[in-house]
Amino acid sequence: MKCWFLAILGAVISGCAKDGQLHEAKKNTVMVEVTSQVWDYRLPWNPGTVSSGRGAGFIVAGKRIITNAHVISGARNITVQREADPRRYAAKVKYVAHDCDLAMLEVEDPAFFKGTTHLDLGGIPELESVVSVYGFPIGGDRLSVTRGVVSRIDYNAYTHSGRESHLAIQIDAAINPGNSGGPVMQSDKVVGVAFQGFRGDVAQNVGYMIPTPVIRRFLKDVEDGRYDYYVDIAVRWMPLENPAMRKYLGLANDGRGVVVTDVFSEGSSDGYLNKGDVLLSIDGHPIESDGSVRLEGKPVQLEEIVERKFSREEVRLEVWRGGQTETVNVPLKPADMFSMYEILYEPPPRYVLYGGLVFQPLTANLMAVLAGSADLRLKQKYTMFATDQMYRETPEPVILSAVLPDPSNVYLRGLAGQIVREINGRKIRTLADVEPALAANGERSVIRFEGDSRPAVLKREEVDRSTPRIMAQYGISEASRTEVGSRRLAKGSYSQEEKK
């Protein structure tokens, strides 16, 4: 009888806890509806098509709303709506972090928050534990709750940025359009933000959430009024699981350490670490021979220690170098040399138009539209730009992205997609070099490309006559847009309001 009574009591308590979690989550989960416009990189003066979509978000302390960056990317108008409340409230982006797919919204109307509290952040859930996903997926306008089991905790690619990988948690619940940005709950706490999943033809009922260490880092980063991006140790390393390799390096066969195979110039470790160094520990955490460390009782990649830090903070490394152990303190900063691979959302594309020739910096966005027609030289440049450290000589490769047909350039159409090497004898290292080089004295402009293909030659007099005609014919309002929109060249970061 006693066991039966305790079982009933436990079930009642569990049910009450679940009801309480549902009540709090319902009060503080919101629908986010967005009208957006994405720039057209094929025609960089074109602001692109207008589309609409929706996702979810949730209220945290301070009357702030957390959602995904991909939900509000390119937003021109944002409204938020609470469950069972027909009113829509205007919202705006306060901060956006595309590198970790998080954003913060604010609502100025205090009526929106009437009857709400906020959701608190929890820890990393255990494997095989159950979580609940809240959101507004396709199929209806009311709040949806699904349950799933935590099946994996690992580093994973964050598809929104195009290049970033961070800690992510896999669950066996599908993340559908409309779920993105919603809270994932466990025991009355937020343990993640729903953010991506697989298409049905790839995997069934597999979704991912952004765990709370990433959310907390975002909230901490914006405390000073700006978002400063993730830092990066900027090295490549190789596991040291081979006993023969360990013996060659003079290491004991104790299962510790990874060997540095490359140090990226201009990165955090440049001048502090060398190729061939063996990393034995990071901030006091022993590094296993597969590159993992134990953090909060769980194995994670050594980069997770770095990812929880901020610009100008240091990471302490125990290094095996020259047959002895040394301690090296590395000051951290973002790896701007990799920013070419990040998909851009808010800043307008930069370009220079000259006689129907369109010059653009090489970006992930431009590469996406040129992928089908790009020649092998351009593909190799893009692929090897960071790994071969080409940025030291050419910080921002410039591409002749298009030739707008006109009688003045009829013989130049086949040159589109080429990498510009020099203009009028001046080396082109960034887009900022293009206009001054084109303005150099002379009756003709000679544009040379990598690979020594035939140059493009235009008479200045013809260009002066044709440019107004071309701009009118193709609906181009300005002949160039060259303001800095690159993290690497700007050497800074901005809040959403500073961008405005």
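Annotations for the structure displayed:
- Length-normalised contact order for the range 345-420 - Cα pairs under 8 Å, 6+ apart - percent: 37
- Relative contact order of the range 288-442, defined on C-alpha pairs under 8 angstrom at six or more residues apart (%): 16
- Per-residue ellipticity at 222 nm from helix content only, as computed over the chain with -39500 (n - 2.57) for each DSSP H run of at least four residues, stands at -5500 deg cm²/dmol.
- Working note: Karplus 6.51/-1.76/1.60 with θ = phi - 60° gives the range 170-178 the couplings 8, 10, 8, 10, 5, 9, 9, x, x Hz, where Gly and Pro are set to x.
- Euclidean distance of C-alpha centroids, the range 65-106 and the range 292-333, integer Å: 35
- Dipole size of the chain about its Cα centre, with +1 on Lys/Arg Cβ and -1 on Asp/Glu Cβ: approximately 740 debye, rounded to the nearest 20.
- The alpha carbon convex hull volume per residue for the range 235-333 rounds to 87 Å³.
- Applying the criteria of a DSSP loop state and at most 16 other Cβ atoms within 10 Å to the GluC sites (Glu not before Pro) of the range 359-455 yields Glu393, Glu443, Glu450.
- Loop-located GluC sites (Glu not before Pro) in the range 105-172, at most 16 other Cβ atoms within 10 Å (DSSP): Glu108, Glu126, Glu128
- Mean Cβ neighbour count within 10 Å, used as a protection proxy, ranking 360-371, 78-89 highest first: 360-371, 78-89
- Long hydrophobic helices in the chain, taken as whole DSSP H segments with a C-alpha length of 24 Å or more on their own axis and mean Kyte-Doolittle hydropathy at least -0.5: 2-28.
- Whole-Å semi-axes of the ellipsoid equivalent to the chain (Cα gyration tensor, √5λ, descending): 45, 34, 18
- Prolate/oblate/rounded call for the range 182-252, Cα gyration tensor, a/c under 1.5 rounded: oblate
- Mean separation of Cα contacts under 8 Å, 6 or more apart, over the residue count of the chain: relative contact order %: 11
- Around the amide H of Gly182, modelled in the peptide plane, lie the amide H atoms of Ala56, Ala194, all under 5 Å away and 5 or more residues distant in sequence or on another chain.
- D_trans [Stokes-Einstein, Kirkwood Rh over alpha-carbon pairs] for the range 22-113, 4 °C, 1.567 mPa s, µm² s⁻¹: 94
- Cβ-defined net charge surrounding Gly178, 13 Å radius [Lys, Arg +1; Asp, Glu -1]: 0
- Gyration tensor (alpha-carbon) shape descriptor, the range 354-425, a/c threshold 1.5: prolate
- Alpha-carbon Rg/Rh ratio, for the range 338-490, with Rh computed the Kirkwood way: 0.94
Each value in this text was obtained by applying a stated rule to the coordinates, not by laboratory testing. None of the values given here were measured: they were computed from a predicted structure. Counting neighbours? That spans all protein chains shown, and the Cβs are built from the backbone with ideal geometry, glycine included.
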